[in-house]
1. On the given criteria, is residue 81 near the ligand (Cβ under 8 Å from one of its atoms) and under 18 Å from residue 155 (Cα atoms)?
2. Would you confirm whether any residue within region 7-18 is surrounded by 10 or more Cβ atoms within 10 Å (Cβ to Cβ), under 30 Å from residue 96 (Cα atoms) and outside the structural domain of residue 97 (by TED's automatic domain parsing)?
3. Give me the pairs, please: first residue somewhere in region 1-24 and free of Cβ contacts under 8 Å to residues at least 24 places away in the same chain, second residue anywhere and surrounded by 10 or more Cβ atoms within 10 Å (Cβ to Cβ), beta-carbon distance under 9 Å, and either six or more positions apart or on two chains.
4. Would you mind telling me which numbered condition in (1) under 17 Å from the mean Cα position of the chain (by Cα); (2) of a type outside the set (Val, Ile, Thr); (3) more than 21 Å from residue 147 (Cα to Cα) residue 35 fails?
5. Go through (1) within 10 Å of the ligand (Cβ to nearest atom); (2) in contact with a helix residue (DSSP H, G or I) (Cβ under 6 Å, 6 or more places away or on another chain) one by one and return the number of the condition residue 133 breaks.
6. Which numbered condition trips up residue 67, out of (1) within 11 Å of the ligand (Cβ to nearest atom); (2) within 16 Å of residue 154 (Cα to Cα); (3) of a type in the set (Ser, Thr, Tyr)?
7. Has region 43-56 got at least one residue that is farther than 25 Å from residue 109 by Cβ, of a type in the set (Val, Ile, Thr) and without any contact (Cβ under 8 Å) to a residue 40 or more places away in the chain?
Amino acid sequence: MVKGMIVGAIGAVAAGLAAFYLVAATGHFPANADAQPPALEKWIARKALAAAIAREAPKNPNPVAETDANLIEGIKLYAVDCAVCHGAADAKASHIAHGLYQKAPQLAKYGVEDDDEGETYWKLYHGIRMTGMPAFRESLTEDQLWKIVLFLKNMDSLPSAPQKAWDAVPSLDKRGGA
Ligand code: HEC
């Protein structure tokens, strides 16, 4: 009885894998980026991401002091490495941001000010698998990453000098052929 159930279960898994292979091998598995992610895919991906962050994100406060100089350095780093996908202060998406699967949020509009800084640090350090969000652990130092995190946390309430620097980051909106 138990043996029969085990053989049955193994058979069902094998049949499932074979069906999956056939769907993929005959070009019926969606490989395009110009699609809306199905609800199930989104749900599983969000759950996995939240669980990994809850387990691994640093719990310490931001080690970088909240000064104008550090905020401005964070903005300068953001302009080079992030704005192409996450936009400038006008929150207008670039062609690249527009074409990504998953879409890159325009952070001036859909910011992460309410998230824990450790969570944002984790996303910058490790990236987000199967999205365009890169891992920056090998390109930026911990100090640089925490400065960007500081900027993102305070993006909607910047003091005047950092606000000026943020407003000066060029718009990435190239639609219209400019
Ligand atoms: C090539 C495009 C690309 C670049 C460059 C990029 N990102 Fe992302 N990023 C994404 C995408 C796509 C997502 C959405 C992932 C998802 O749906 O889970 C994302 C997600 C995020 C999130 C989570 C947003 C949220 O609402 O939870 C943060 C924060 C973030 N990126 C910050 C940055 C920072 C800071 C940089 C630069 C150091 C950067 N990203 C560079 C594409 C990019």
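1. yes
2. Looking through region 7-18, none of the residues is surrounded by 10 or more Cβ atoms within 10 Å (Cβ to Cβ), under 30 Å from residue 96 (Cα atoms) and outside the structural domain of residue 97 (by TED's automatic domain parsing).
3. Matching pairs, first to second residue: 20/29; 23/29.
4. Of everything listed in (1) under 17 Å from the mean Cα position of the chain (by Cα); (2) of a type outside the set (Val, Ile, Thr); (3) more than 21 Å from residue 147 (Cα to Cα), residue 35 misses just condition (1).
5. Among (1) within 10 Å of the ligand (Cβ to nearest atom); (2) in contact with a helix residue (DSSP H, G or I) (Cβ under 6 Å, 6 or more places away or on another chain), the lone unmet condition for residue 133 is (2).
6. With respect to (1) within 11 Å of the ligand (Cβ to nearest atom); (2) within 16 Å of residue 154 (Cα to Cα); (3) of a type in the set (Ser, Thr, Tyr), residue 67 is out only on (1).
7. yes
Quick grid of which residues meet (1) among the acidic types (Asp, Glu); (2) touching a residue at least 40 places away in the same chain (Cβ under 8 Å):
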| residue | (1), (2) |
| --- | --- |
| 112 | no, yes |
| 117 | yes, yes |
| 123 | no, yes |
| 135 | no, no |
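The values are calculated or read from the model by the stated rules, or taken from the named source; none is laboratory data. The model shown is predicted, which means the values in this text are computed figures rather than measured ones. Glycine also receives a Cβ, built like all others from the backbone with ideal geometry; neighbour counts cover every protein chain displayed.
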